[in-house]
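Chemist: My questions will all concern the structure given below.
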Amino acid sequence: MSTKGYVLGSSPRELQRLILQDRMILRPITERLLRQAGLKEGMRVLDLGCGTGGVSLLAAELVGPSGSVVGIDQSADAIAMAKECACETRFRKPAFCVSSVEAFSSAGPFDLVIGRYVLMYQPSPAAFIRAASRHVRPGGVVAFHEISLHRGYHSLPSYPAWELMAKCLNLGFSVGAPSWDAAGRLVEHFQNAGLACPDLFAEMPVGGGEDAQLYGWLAGTVRSLMPKLLEQGSVTEDEVSIDTLEERMRSGAVEVQAQVDVAPQVCAWVRTLP
Ligand SMILES: C[S@@+](CC[C@H](N)C(=O)[O-])C[C@H]1O[C@@H](n2cnc3c(N)ncnc32)[C@H](O)[C@@H]1O
């Protein structure tokens, strides 16, 4: 897959959104995945499609000074930002490298290979998982964290700004992410990659009120999808009014006392044969 075809792009604003998404929403869920998958001090980890490096930095913390982490991404801008973020860490810095997953080669196999929010962007998730498993030692772990986009975004009661956001994300990802239902097909994709049926769990971000971080996260995602949405002709700039969407989502939720929830985060992992 070329960087050009990646629907969210790598503008400075999108890279900042990835950092906030990691720190505010996803990190504890990915940490649960890594711990349940057996990540321990001293292990070697490969983070596929690492973006701004959130998963790599988390893994580096968990494996400690005797372990090591490599993060790869096809986007040079994302890797430059990942290196910048790593400057702040108190832990051993991951090594970051510009490479597609398909072209990557390394000196030796890893104990654990992980990808977060990458399978949905692949034309063939099974081929991607197969490529990932080639970097794992026998008896090592392959793990993925994806979002169940097909389950949607719900508000009770509902209100217009929330419905507009949900429409934009559904339209944008259904066209821009070739495997947008990958989170719901992880069993199929792992098995078609030649691996066993994975262990799985899911967690669902939920919130409400003035301070929920979900409004900013989701409105930011709509912003990154705007070029694709306008190209499709499915919405107009005036209809979305992206600069005020976050605030309209927040004030609308407060007004109707909405409880909002976001597509579940599905995590899956499997140990390869010894
Ligand atoms: C939604 S971002 C997620 C970034 C990071 N994993 C995280 O959770 O913060 C998806 C990333 O995958 C990268 N990507 C997608 N397909 C790739 C491929 N085939 N090889 C390398 N990177 C890929 C994109 O460049 C992008 O940075």
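The values are calculated or read from the model by the stated rules, or taken from the named source; none is laboratory data. Keep in mind that what you see is a predicted model, and the values were worked out from it rather than measured. All Cβ positions, even for glycine, are placed from backbone atoms using ideal geometry, and neighbour counts span all protein chains on display. Heads up: the accessible areas ignore ligands, DNA and RNA and are worked out on the full protein's heavy atoms, side chains in. Shrake-Rupley method; radii C 1.70, N 1.55, O 1.52, S 1.80 Å.
Chemist: Of the numbered conditions (1) surrounded by fewer than 24 Cβ atoms within 10 Å (Cβ to Cβ); (2) within 16 Å of the ligand (Cβ to nearest atom); (3) closer than 22 Å to Thr272 by Cβ, Asp111 satisfies every one except a single condition; which is it?
Modeler: The one condition Asp111 does not meet is (2).
Chemist: Anything in the range 54-63 that is open to solvent by 10 Å² or more (accessible area, probe 1.4 Å) and more than 11 Å from the ligand (Cβ to nearest atom)? List them, or say none.
Modeler: Glu61, Leu62
Chemist: Taking the range 84-103 on its own, how many of its residues are closer than 15 Å to Val70 by Cβ and within 14 Å of the ligand (Cβ to nearest atom)?
Modeler: Qualifying residue count for the region: 9.
Chemist: Shifting gears a bit: Which condition breaks for Asp77 when tested against (1) open to solvent by 60 Å² or more (accessible area, probe 1.4 Å); (2) touching an Asp or Glu at 6+ places or on another chain (Cβ under 6 Å); (3) closer than 19 Å to Tyr117 by Cβ?
Modeler: Unmet condition: (2).
Chemist: Does the range 126-139 contain at least one residue that is more than 20 Å from the chain's Cα centre (by Cα) and either within 9 Å of the ligand (Cβ to nearest atom) or of a type in the set (Ser, Thr, Tyr) (or both)?
Modeler: no
Chemist: Same structure again: Give the number of residues within the range 143-201 that are of a type in the set (Ser, Thr, Tyr), closer than 22 Å to Gly49 by Cα and out of contact with any helix residue (DSSP H, G or I) (no Cβ under 7 Å at 6 or more places or on another chain). Quick ask: steps written out before the conclusion?
Modeler: The initial filter retains those residues of the range 143-201 that are of a type in the set (Ser, Thr, Tyr), namely 148, 153, 155, 158-159, 174, 179.
Still in the running and closer than 22 Å to Gly49 by Cα: 148, 174, 179.
Next, only the ones that are out of contact with any helix residue (DSSP H, G or I) (no Cβ under 7 Å at 6 or more places or on another chain) stay: 174.
Total satisfying the criteria: 1.
Okay, residues lined up against (1) open to solvent by less than 60 Å² (accessible area, probe 1.4 Å); (2) out of contact with any Cys (no Cβ under 8 Å at 6 or more places or on another chain); (3) at positive phi; (4) of a type in the set (Gly, Ala, Ser):
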site	(1), (2), (3), (4)
Phe173	yes, yes, no, no
Pro178	no, yes, no, no
Val187	yes, no, no, no
Pro198	yes, yes, no, no
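Chemist: Might you let me know whether the range 190-199 holds any residue that is in contact with a His (Cβ under 8 Å, 6 or more places away or on another chain) and at pLDDT 95 or above? It would help to see each step written out before you state the result.
Modeler: To start, the set of residues in the range 190-199 that are in contact with a His (Cβ under 8 Å, 6 or more places away or on another chain) comprises none.
No: zero hits.
Chemist: Find the residue count for the range 6-49, including only residues that are within 8 Å of the ligand (Cβ to nearest atom), over 12 Å from the mean Cα position of the chain (by Cα) and surrounded by 21 or more Cβ atoms within 10 Å (Cβ to Cβ).
Modeler: Counting residues in the range 6-49 that are within 8 Å of the ligand (Cβ to nearest atom), over 12 Å from the mean Cα position of the chain (by Cα) and surrounded by 21 or more Cβ atoms within 10 Å (Cβ to Cβ) gives 1.
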